[in-house]
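Peer 1: Encoded as C-alpha cells, here's the structure I'll be asking about.
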Amino acid sequence: MHKRTFLTAALAAALSLAGTLAQAQAPAAWPAKPVKIVVPSPPGGSTDQIARAIGQKLSDAWGQPVVIENKPGAGLTLGADFVAKSPPDGYTLLMGAVHHSIAQSVYKKLPYHFGRDLAPITVLAIVPNVLVVSAANPAKTVQELIAQAKAQPGKLSYGSTGAGTAHHLIGEQFNMMEGVDTLHVAYKGSAPALVDLMGGQITMMFDTIPSANALIKSGKLRPLAVATARRSSTLPEVPTLAESGLPGFDIATWFGLMAPAGTPKAVIDKVYADAARILAQPETKKQWQDMGAEPVGNTPAQMAAQIQGEMAKFADLAQKAKLSLD
C-alpha cells in the first residue's frame with residue numbers, strides 16, 4: 001500500500017513537472033496563424049498609430065499577419081475586458097495603456113482586474129500629453145485659458161478619450177490645481193474629440209502629441225503646454241504646465257502589449273524579445289520620435305512593477321478628485 005502511494009505521488013509529481021515544462025516552452029511553430037492586437041479605442045489616435053506601427057514590424061518578423069482590431073468604448077475598458085477573457089494562447093493581445101491603470105481605481109465595477117487578468121509583456125512607448133485649444137480660441141497661454149475659465153464658471157469644457165482615462169484625470173487635476181470649473185465631455189477616442197474641438201463643441205483637450213501633432217502642424221489646433229515635467233523634443237517651443245503656473249504637474253501616457261493571464265511564459269518572452277529588438281532599431285526610434293513617441297521596450301517584470309505603482313498612485317489622485325464611475 002505504501003509502495004503504491006509512493007508511485008502515485010511520484011507519477012503526480014512527474015505529470016506536474018511535465019505540465020510546467022510544457023507551459024515554459026513556446027509552441028514550436030508559434031505563431032502558426034495570424035495574431036490579433038486589440039486596440040481599445042477608435043482608429044486614428046495614438047493607441048491605434050502605435051499598434052499599427054509595431055504590428056507591421058512584428059508581422060515581418062513572424063511571417064504571419066498581425067491584425068489590428070479596434071474595440072473602443074467605456075474608457076478603453078471594453079477592449080481590455082475582451083482580451084482578458086480571450087484564450088491565453090498568445091494569439092490575442094491588448095494594446096494596453098496608462099488609462100487602464102487609472103480605470104481600475106475609478107470604475108466601481110469592472111468585469112476584469114487589470115493587475116491580475118492581463119499579463120504584461122512590454123511598454124512600447126511613452127508619449128507626452130499636450131493641452132490644445134482650437135485655433136479660433138483667443139487664448140495664447142495657459143494663464144489666458146485659466147482666465148477664461150474663471151470668468152465663465154462651468155461654461156468651458158474639455159474633451160477626453162473616455163471617462164476614467166488619463167486625459168480625464170489630467171483635466172480634473174487641472175481643475176483642482178487652478179480652482180476652476182470646466183465640464184468633462186467623454187468620447188470614445190481622440191479622433192472624435194479632436195473633431196469637436198476644432199468645431200468649437202468643446203473648449204480644450206489634453207491629448208497625446210502623436211494624436212494631435214498633425215493638427216498642430218497644420219495650424220488647426222494651438223498647443224498651450226505639455227503635461228510632463230520636461231518639454232517635448234517634438235514640440236520644444238511649447239512650455240510645460242509646471243512652467244505655466246502649475247508646479248509639479250507631470251502625467252505622461254504609455255502604451256504597451258499585454259496578453260490574457262495564463263499565456264505561456266515562453267510566448268510572452270518571445271513577443272517581448274522581438275518587440276524590444278524592433279524598438280532598438282535606429283529606424284524605428286527615428287520613426288517613433290518623429291511622431292512624438294519615445295520607444296521603451298522594458299521587460300515584463302518591469303512593466304508589471306510599473307503598473308502596480310501606477311494603480312496605487314492614481315487611486316490616491318482619483319480619491320482626491322472624487323472621481324468615481326459606475
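The values are calculated or read from the model by the stated rules, or taken from the named source; none is laboratory data. Keep in mind that what you see is a predicted model, and the values were worked out from it rather than measured. Glycine gets a Cβ as well: all are built from the backbone with ideal geometry, and neighbour counts include every protein chain shown. Accessible surface areas use protein heavy atoms only, side chains included; no ligands, DNA or RNA. Shrake-Rupley method; radii C 1.70, N 1.55, O 1.52, S 1.80 Å.
Peer 1: Check whether at least one residue in the range 87-102 is in contact with a Pro (Cβ under 6 Å, 6 or more places away or on another chain), of a type outside the set (A, V, I, L, M, F, W, C) and surrounded by 24 or more Cβ atoms within 10 Å (Cβ to Cβ), and report yes or no.
Peer 2: No: zero hits.
Matching residues to (1) more than 30 Å from Leu58 (Cβ to Cβ); (2) in contact with a Leu (Cβ under 8 Å, 6 or more places away or on another chain); (3) free of Cβ contacts under 8 Å to residues at least 12 places away in the same chain:
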residue	(1), (2), (3)
Pro88	no, no, no
Lys109	yes, no, no
Thr122	no, yes, no
Val132	yes, yes, no
Leu156	yes, yes, no
Ala163	yes, yes, no
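Peer 1: For the range 203-236, name all the residues that are within 16 Å of Ile170 (Cα to Cα), assigned to a loop (DSSP other than H, G, I, E, B) and in contact with a helix residue (DSSP H, G or I) (Cβ under 9 Å, 6 or more places away or on another chain).
Peer 2: If the condition is that a residue be within 16 Å of Ile170 (Cα to Cα), assigned to a loop (DSSP other than H, G, I, E, B) and in contact with a helix residue (DSSP H, G or I) (Cβ under 9 Å, 6 or more places away or on another chain), then Thr203, Ala227 are the ones that fit.
Peer 1: Those residues that are without any contact (Cβ under 8 Å) to a residue 40 or more places away in the chain and assigned to a strand (DSSP E or B), I need them from the range 294-319; list them, please.
Peer 2: none
Peer 1: Could you please find all residues in the range 103-133 being closer than 18 Å to Thr161 by Cβ, open to solvent by 10 Å² or more (accessible area, probe 1.4 Å) and touching a strand residue (DSSP E or B) at 6+ places or on another chain (Cβ under 8 Å)?
Peer 2: Tyr107, Ile126, Pro128, listed by residue number.
Peer 1: Could you check how many residues of the range 107-125 are among the β-branched types (Val, Ile, Thr) and either touching a Pro at 6+ places or on another chain (Cβ under 6 Å) or closer than 20 Å to Gly75 by Cβ (or both)?
Peer 2: The qualifying residues number 2.
Peer 1: Here are Ile202, Ile146: which of them is open to solvent by less than 20 Å² (accessible area, probe 1.4 Å), at pLDDT 95 or above and within 28 Å of Gln104 (Cβ to Cβ)?
Peer 2: Exactly one of Ile202, Ile146 is open to solvent by less than 20 Å² (accessible area, probe 1.4 Å), at pLDDT 95 or above and within 28 Å of Gln104 (Cβ to Cβ), namely Ile202.
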